[in-house]
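Please treat every number below as a calculation from the coordinates, not as lab data. This one's a predicted model, so the numbers in the text were calculated from it and none came from an experiment. Positions of Cβ are generated from backbone atoms using ideal geometry, with glycine treated the same way; all protein chains shown enter the neighbour counts.
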Amino acid sequence: MDKLKVGGDVLQSMKPIEVLFPKPKRKKVGRTAWNCRIKVGRAKYKHLSVRKAGKKKKRSKLPKTPTLAKRKKYLWELCRKYTKLRDGKLCVSCKKRLASQCGHFLPKSACNLIYKYDEKNIGQQCSYCNLFLKGNYIEYRNHLIEVYGLTMVEEMERVYNLPLPYNFSPRLWVEKKIKWYEKETK
């Protein structure tokens, strides 16, 4: 140990900087420790989860409710089944070819949730009318006027893209529609 004289005071020893200023310990956040990082790719890090000893992950005893996306998928399957039973095998637009698809009168991409799954908006179409003629709008419209009347078709064309009310619950509406389609297809 060297003795150093600084401004009249004698320093007994010079300790390394690490001892004088120790590195702060990193805290654990939840189940992930910040000091447990591994490099995955270029400047990307993956955190390793650290499980506390003696604690097991608790599982919920309640059944999991399916997500809204899964319920919509199931609703679409029911819509297809219902339209096949209702319309038969002929295309509603051209009435010539065998239908293998469910087509929308008003485009599915432009409709709100209600008209995407509305039984009046969906009908059996052949792939030629549905894909290549983009729904064969004029013939499909004539078919709907024959079946439902002109006032209903004009009402659909007027309100299909309006926003839904603020208190509209998509999950409840989808569940209600699923029950209706299940009752109709049995």
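Across the range 89-162, C-alpha contacts under 8 Å between residues 6 or more apart give a mean separation that, scaled by the residue count, equals a relative contact order of 35 percent.
Based on the Cβ-Cβ distance from Glu157 to Arg59, what FRET efficiency comes out when R0 is 45 Å, to the nearest 0.05? Numbers along the way, then the final one.
On the way: r = 50 Å, r/R0 = 1.12.
Result of the calculation: an efficiency of 0.35.
Would you mind pulling out the separation of the Cα centroids of the range 77-126 and the range 153-180, in Å? Going from one Cα centre to the other spans 17 Å.
With a threshold of 26 Å on the Cα-Cα distance, the over-threshold entries among Lys134/Lys179; Lys70/Lys120; Lys116/Lys179; Lys61/Lys177 are Lys134/Lys179; Lys61/Lys177. Near Leu90, the amide H atoms lying under 5 Å from its own belong to Ala99; only residues 5 or more places off or on other chains count, and H is placed 1.01 Å from N.
Computing FRET efficiency as 1/(1 + (r/R0)^6) for Tyr137 and Lys186, where r is the C-beta to C-beta distance and R0 is 30 Å, gives about 0.40. Annotation: amide H-H contacts under 5 Å for Gly135 (H modelled 1.01 Å from N, sequence separation of 5 or more, or interchain): Asn130.
In whole percents, the pair-distance distribution calculated for the range 89-162 from its alpha-carbon pairs, binned every 10 Å from zero, is 22, 55, 23, 1. Taking θ as phi - 60° and the Karplus parameters 6.51, -1.76 and 1.60, the scalar couplings of the range 64-72 work out to 6, 7, x, 6, 5, 4, 5, 5, 5 Hz in sequence order, x denoting glycine and proline. Modelled label positions at Trp76 and Ser169, each set 7 Å beyond Cα in the direction of Cβ, lie 2.5 nm from each other.
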